[in-house]
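S.K.: Dropping the structure in here first, questions after.
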Amino acid sequence: MVILVSVQLQQPCSAMRVPTFFLYSKSGNLTTQLDTSVDFSEIPGLPDVIDGVVYCPGTINLKPFHRISIADFQNELEVNFFGAVRVLQACLKGLKKSSSPAVVLYSTVAVQTGMGFHAGIASAKGAVEGLTRSLAAEWAPSKIRVNAIAPSLTETPLASALLSTPERKEASDKRHPLGRIGTSGDIAEATVFLLSPKSSWMTGQILHIDGGMSNLK
């Protein structure tokens, strides 16, 4: 579970300011430790002004609906939704002090495109999409932009079990109209775009970075 809080990302070019990044995770491995499953009112170590917040945890817990327990559903919501709520509430004051603040959250292609065995994650990420649009509307007067990225299967350690053999990898590639699954670079490029001034007229959007999965057959 990783949270990326970026500061001074959107300073004027004349200022020649280098972005400062603050990384947080539950384990604290190579980052600052932060457990988003417990209540907190502030995040230690952050400056007063916050230009960007990226909340990017994820879960892959694919089961048939009759085998998903209430505890499974609650865990999906805790990691994907309630953690985002806690982080954004803690960062709101700093975001309001920025001249061009932006928030990026993460959904999944499975919210728009019905997929079997995805009831847990699709439900939790559906809540994230609702939060994205609601906060975009509520925070627009403060010029805080809120958008989300909805990727399809991406080659990351989290997805390793689904891509554990060449045959599984090939089958996953073929399910996407563009003939391949996503890479972390695909998602990173979209994230930087949503944080940057290049997307300054975008808010409340769900950006589908999914190899065409959500709209093409």
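S.K.: Would you pick out the residues in the stretch 55-74 that are open to solvent by less than 40 Å² (accessible area, probe 1.4 Å) and either modelled with pLDDT under 90 or not aliphatic (A, V, I, L, M) (or both)?
M.R.: Kept after step one, since they are open to solvent by less than 40 Å² (accessible area, probe 1.4 Å), are these residues of the stretch 55-74: 55, 57-59, 64, 68, 72.
Selection gives TYR55, PRO57, GLY58, THR59, PRO64, ASP72.
S.K.: Looking at GLY83, GLY52, which one is within 17 Å of LEU34 (Cβ to Cβ), out of contact with any helix residue (DSSP H, G or I) (no Cβ under 7 Å at 6 or more places or on another chain) and open to solvent by less than 10 Å² (accessible area, probe 1.4 Å)?
M.R.: From the options GLY83, GLY52, the qualifying one is GLY83.
S.K.: When only residues in the stretch 99-112 that are among the hydroxyl-bearing types (Ser, Thr, Tyr) and modelled with pLDDT of 95 or more count, which is surrounded by the most Cβ atoms within 10 Å (Cβ to Cβ)? Explain how you work it out, then say what you get.
M.R.: We begin by selecting, within the stretch 99-112, every residue among the hydroxyl-bearing types (Ser, Thr, Tyr); these are 99-100, 106-108.
So of that shortlist, the ones also modelled with pLDDT of 95 or more come out as 106-108.
Values: TYR106: 20, SER107: 26, THR108: 28.
In this case the residue turns out to be THR108.
S.K.: Being polar (S, T, N, Q), surrounded by 15 or more Cβ atoms within 10 Å (Cβ to Cβ) and at pLDDT below 85, is that true of even one residue in the stretch 36-44?
M.R.: So far as the stretch 36-44 goes, no, none of its residues is polar (S, T, N, Q), surrounded by 15 or more Cβ atoms within 10 Å (Cβ to Cβ) and at pLDDT below 85.
S.K.: Could we say that PHE73 is within 29 Å of ARG175 (Cβ to Cβ) and outside any helix (DSSP H, G or I) here?
M.R.: no
S.K.: Identify the residue in the stretch 19-35 that is out of contact with any Asp or Glu (no Cβ under 9 Å at 6 or more places or on another chain) and assigned to a loop (DSSP other than H, G, I, E, B) and, among all such residues, is most open to solvent (accessible area, probe 1.4 Å).
M.R.: LEU30
The values are calculated or read from the model by the stated rules, or taken from the named source; none is laboratory data. For clarity, every value in this text was computed on a predicted model and none was experimentally measured. FYI the Cβ positions are ideal-geometry reconstructions off the backbone, even for glycines, and counts take in every protein chain you see. Heavy atoms of the whole protein, side chains included, go into the accessibility calculation; ligands, DNA and RNA do not. Shrake-Rupley method; radii C 1.70, N 1.55, O 1.52, S 1.80 Å.
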